[in-house]
Every structure is written in C-alpha cells, then in structure tokens.
Amino acid sequence: MKQTKLEKGNGVHELLECPVCTNLMYPPINQCPNGHTLCSSCKQQVQNTCPTCCYELGNIRCLALEKVAESLEVSCRYQSLGCHDIFQPLVEHLKDDHKVDMHSGCTFNHR
C-alpha cells in the first residue's frame with residue numbers, strides 16, 4: 001500500500017479527524033450503523049451514542065478507515081509526552097513502543 005504523509009487540509013486528514021475531540025483517530029476506530037466514525041476515547045465520552053445521528057454505537061469498528069490510518073506517515077499521538085518521531089507504520093509503533101492495545105482501545109500510560 002502506498003504511504004501518504006498526513007497533513008492538515010488533506011482529505012485523508014479530514015476522514016481521520018474525530019468529530020468530537022477533533023484529534024486524529026487511530027485504531028480502534030468506532031462507527032455507528034450509519035457509518036459515522038469517532039475515536040475510542042470519545043465513544044466512552046458520548047455514552048455509546050453517535051454524536052452525529054444519535055444511534056447507539058455498539059461495538060462496530062471501521063476496519064477500512066483503520067487500514068487507511070495504518071498506511072499513513074504521521075507524528076506519534078504521544079508527541080506532547082516526549083515522543084517526537086514520525087512513524088510509518090504508526091500502528092506498530094503504538095503497539096510496540098507505547099503498549100497501546102489496538103483491540104480494546106486502551107490508551108498509553110506514560111507513568
């Protein structure tokens with residue numbers, strides 16, 4: 001798969017932007033039955049209800065968008081905590097270096 005550098009204003013960037021927190025979404029990416037997406041952190045915040053159409057989110061993941069996210073060259077989401085590298089594939093970096101569980105949506109504990 002072709003690697004793409006992710007930049008603001010890029011259509012791919014807009015696809016991966018969470019509509020709730022406006023951060024980039026990384027796997028797992030959740031979606032409602034109507035296809036609206038949001039990040040796993042915001043799923044808990046909106047109490048499992050789609051902020052766009054108000055349908056229940058359930059446990060549906062957007063695997064196609066997750067594949068897109070995996071193919072991008074982006075800064076690590078923990079850049080503010082001291083990780084200043086750009087990774088490709090980012091998902092492997094998050095799993096290996098930050099111990100992020102891409103299936104349950106657990107987040108990195110920097111302590």
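Each value in this text was obtained by applying a stated rule to the coordinates, not by laboratory testing. Bear in mind that the values here come from a model prediction, so they are computed numbers and not experimental data. Note: ideal-geometry Cβ built from the backbone for every residue, glycine included; neighbour counts use all protein chains shown.
Calculated FRET efficiency, Thr22 and Leu81, Cβ-Cβ r, R0 25 Å, to nearest 0.05?
On the way: r = 19 Å, r/R0 = 0.76.
According to the calculation, E is roughly 0.85.
Quick one: which residues, 5 or more positions from Ile60 or on another chain, have an amide H under 5 Å from its amide H? H modelled 1.01 Å from N in the peptide plane, none for Pro or chain starts.
Gln31
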